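A short reminder: the numbers here are calculations on the coordinates, not readings from a lab. Note that the coordinates shown come from a computational prediction; the quantities given were computed from them, not determined experimentally. As a convention, Cβ positions derive from the backbone with ideal geometry for all residues, glycine included, and neighbour counts pool all protein chains shown.
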Amino acid sequence: MAKKKAALGKKARSARPRKKSVAKRKPVSKTPAKRKAAKRQATRRKPPAKKTTKAKAKAPAAPEPTPEKPRTRETAESMSKRQRDISISEFFTKNRHLLGFDNPRRALLTTIKEAVDNSLDACEEAGIVPEILIEVKPIPNQPDRFTVRVRDNGPGIVKKQIPNIFGKLLYGSKFHRLKMARGQQGIGISAAGMYGQLTTGQPVRITSRTAPRKPAHYYEITIDTQKNEPRIQKDDEIDWDNGHGTMVEIDLEAKYQKGRQSIDEYIDQTAIANPHVSIAYTTPDGEKRVYQRSTEDLPPEAREIKPHPYGVELGILIKMLHSTRSRTVKGCLQADFSRVSSRVASEILEKAEIAERARPSRIARGEADRLLQAIQNTKVMNPPTDCISPIGEELILKGLKQIEADFYTSVTRSPSVYRGNPFLVEVGIAYGGSLPEEGSVKVLRYANRVPLLYQQGACAITAAVSETSWKSYGLAQSGNNLPAGPAVILVHLASVWVPFTSESKEAIAHYPEIVKDIKLALQECGRRMSVHIKRRRREHEAAKKRDYISSYIPHISNALRNILDLNDRGERKITRVLTDVLEKSRKL
């Protein structure tokens with residue numbers, strides 16, 4: 001037994017791993033400098049540890065950071081619960097800068113402009129010579145708040161239409177008509193009332209009467225911005241001294257400043273482009289200004305036209321085909337478009353490979369596409385131009401003569417077309433007189449007789465004026481900038497649909513056809529102005545030479561007196577004769 005244990009012990013010892021023998025390295029001999037450094041390091045004492053007193057409490061341990069909760073992600077179901085309709089009123093409440101209410105000063109101008117535009121359109125359509133009353137009064141004890149009142153002598157508004165016109169955005173009679181008008185979208189005056197409601201909480205107050213023997217209706221209206229619907233706060237019949245017309249009163253937060261882009265400048269320019277209008281304006285300072293009309297004649301009445309085939313796109317064409325009352329495609333082309341005769345309609349359908357008696361409602365998208373291509377490849381007359389009412393050269397000159405100048409000229413171009421929409425350009429120039437010699441010329445921009453005071457740099461009119469070479473016409477100009485000199489340039493664009501760059505209607509889009517026509521009108525006026533400027537320069541030089549020569553006449557007369565031995569009478573006669581000769585040779 002003992003022998004077995006001894007044998008097992010030997011096996012266990014033999015199974016243990018043996019340690020490897022590591023050869024000892026010889027110590028590396030150090031240099032004296034290294035030995036001294038090692039000795040200093042060994043003898044250097046550690047700084048004594050600071051003694052902590054018992055009175056000093058231990059610093060509390062930092063709290064452990066709480067673990068962040070996992071972020072809950074949205075699902076299609078949870079996102080769908082928040083989807084809802086957006087009212088147009090609600091949209092423009094948050095984006096009122098798109099309508100021209102981005103600051104209090106501009107909001108005051110936009111409010112007056114929208115009210116005056118509606119009044120002028122209503123009076124002209126009813127054949128009434130407009131008389132407009134504009135009052136801007138500060139509200140007592142409420143800084144930067146004003147009451148705007150605009151009254152006209154127009155035909156008035158039917159009672160049931162008053163709430164919708166002033167309490168609903170995108171409601172009007174002009175959007176679907178191809179006819180020249182100041183208003184287009186049915187937004188302006190209701191947006192002004194909405195701005196007043198947002199800034200002061202007060203309703204819009206409207207008084208209107210359609211005839212002297214009918215009652216005058218008084219409304220107080222607010223806008224339900226979530227539903228884009230009017231809320232009638234008050235509805236009464238009142239006594240009113242106007243036989244017919246409408247008066248609008250809006251309380252709003254605003255700022256009144258004189259000078260450029262002010263309501264004063266807007267009214268001045270409105271009187272220039274609308275010489276048939278009489279305006280009585282009371283400023284916030286209490287000053288009363290009256291702009292008398294220079295003519296009793298209303299502008300020529302514009303007539304409504306049908307859309308031109310060159311101005312439609314595929315989606316509009318499909319919509320018109322499906323909503324027409326005509327039973328055949330040929331009848332639809334003749335009845336729903338302008339300048340499409342029976343021969344032209346047959347030519348279009350032949351190119352499109354569509355039967356003349358095909359049902360319009362059954363025209364598929366591919367066939368409509370072929371029809372549109374055939375329209376573009378067929379020669380169609382330009383649309384009629386009686387849908388446009390220009391100011392006229394004579395009335396432009398009357399309006400410009402409110403500016404003190406030496407020379408006036410105006411040009412009315414023949415109508416042109418862009419995207420199937422007829423338009424017409426008018427230009428007038430006033431030069432010299434009391435206008436400042438230094439600085440850029442003043443450009444008066446108009447669209448359908450409405451002054452455009454903001455966004456001048458983004459407007460096609462400004463681009464056309466800047467791109468015209470004015471040096472050849474006698475004005476200084478640096479690069480493609482506005483010319484400099486004592487001049488005022490008026491440019492008016494009249495169209496059934498003015499291509500504004502935004503809903504605020506302050507700048508015209510850069511269509512090549514429009515810019516080209518404006519340039520041609522500017523060049524024609526520029527040539528006339530150049531003739532006047534050159535004549536004035538010749539006259540000035542001639543007068544300068546005459547004065548220079550006339551200064552020598554007394555000396556010549558005196559010399560002739562001594563040579564010819566003349567008396568005083570003879571000397572005066574010679575002086576008179578020489579002066580007459582000078583006048584005849586230097587006639588002005």
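A few notes on this one:
- Legend: ranking of residues Trp497, Trp240, Trp470 from fewest to most surrounding C-beta atoms inside 10 Å; resulting order Trp240, Trp497, Trp470.
- Estimated FRET transfer efficiency (Ser551, Glu467; beta-carbon r; R0 51 Å; 0.05): 0.60
- Charge tally in the Cβ shell below 11 Å around Arg357, where Lys, Arg are +1 and Asp, Glu are -1, Arg357 excluded: +2
- For Lys516, a cut-off of 16 angstrom between C-alpha atoms picks up these aspartates and glutamates, skipping any fewer than 8 places away in its own chain: Glu426, Glu467, Glu524.
- When peptides 210-217, 332-339, 414-421 are sorted by average Cβ neighbour count within 10 Å, with the highest value leading, the order is 332-339, 414-421, 210-217.
- Burial ranking of peptide ranges 486-493, 178-185 (average Cβ count within 10 Å, highest at the top): 486-493, 178-185
- For the chain, share of DSSP beta bridges that run antiparallel, in % to the nearest 5: 85
- When the Cα gyration tensor is reduced to axis lengths a ≥ b ≥ c, the ratio a/c is 1.5 or higher for the stretch 109-152, and with a/b above b/c it is classed as prolate.
- P(r) weight above 28 Å for the stretch 153-301, C-alpha pairs, percent: 28
- Principal axis dimensions, largest first and in whole angstrom, of the stretch 393-531 by Cα: 40, 32, 25
- Percentage, to the nearest whole number, of Cα pairs in the stretch 534-585 over 16 Å apart: 46
- Shape of the stretch 309-376, Cα gyration tensor, a/c cut at 1.5: rounded
- Helical runs assigned H by DSSP (4 residues or longer) give the chain a calculated mean residue ellipticity at 222 nm of -11500 deg cm²/dmol, each run adding -39500 (n - 2.57) before division by the residue total.
- Efficiency of FRET between Lys442 and Lys534 - r from beta-carbon atoms, R0 30 angstrom, step 0.05: 0.85
- Evaluated at q = 0.06 Å⁻¹, a Debye calculation over the C-alpha positions of the chain (equal weights, vacuum) places log10 I(q)/I(0) at -0.52.
- Exposure proxy ranking, count of Cβ atoms within 10 Å, fewest first, for Lys519, Lys584, Lys227: Lys584, Lys227, Lys519
- Positive-end residue of His176, Ala484, Gly432, charge dipole of the chain with Cβ unit charges: Ala484
- Burial order of peptide ranges 425-437, 276-288 (average beta-carbon count within 10 Å, highest first): 425-437, 276-288
- When only the Cβ of Lys, Arg, Asp and Glu is charged (+1, +1, -1, -1), the dipole of the chain relative to its Cα centre reaches about 10680 debye.
- Counting neighbouring Cβ atoms within 10 Å and putting the fewest first, the residues Asp369, Asp568 line up as Asp568, Asp369.
- Too-long pairs where the Cα-Cα distance tops 25 Å, listed order kept, from Lys168/Lys288; Lys227/Lys255; Lys227/Lys319; Lys137/Lys160; Lys255/Lys288: Lys168/Lys288; Lys227/Lys255; Lys227/Lys319; Lys137/Lys160
- When the P(r) is computed for the stretch 102-223, the part past 27 Å accounts for 16% of the Cα-Cα pairs.
- Cα centroid separation, the stretch 396-454 to the stretch 309-369: 41 Å.
- Electrostatic bookkeeping for Tyr310 treats Lys and Arg as +1 and Asp and Glu as -1; over the other residues with beta carbon under 12 Å from its beta carbon, the sum is +1.
- Mean Cα-pair separation over length for the chain, i.e. relative contact order, pairs under 8 Å, 6 or more apart, %: 11
- Relative contact order [Cα under 8 Å, 6+ residues apart], the stretch 393-531, whole percent: 31
- Centre-to-centre, using Cα atoms only, the stretch 512-565 and the stretch 106-142 are separated by 47 Å.
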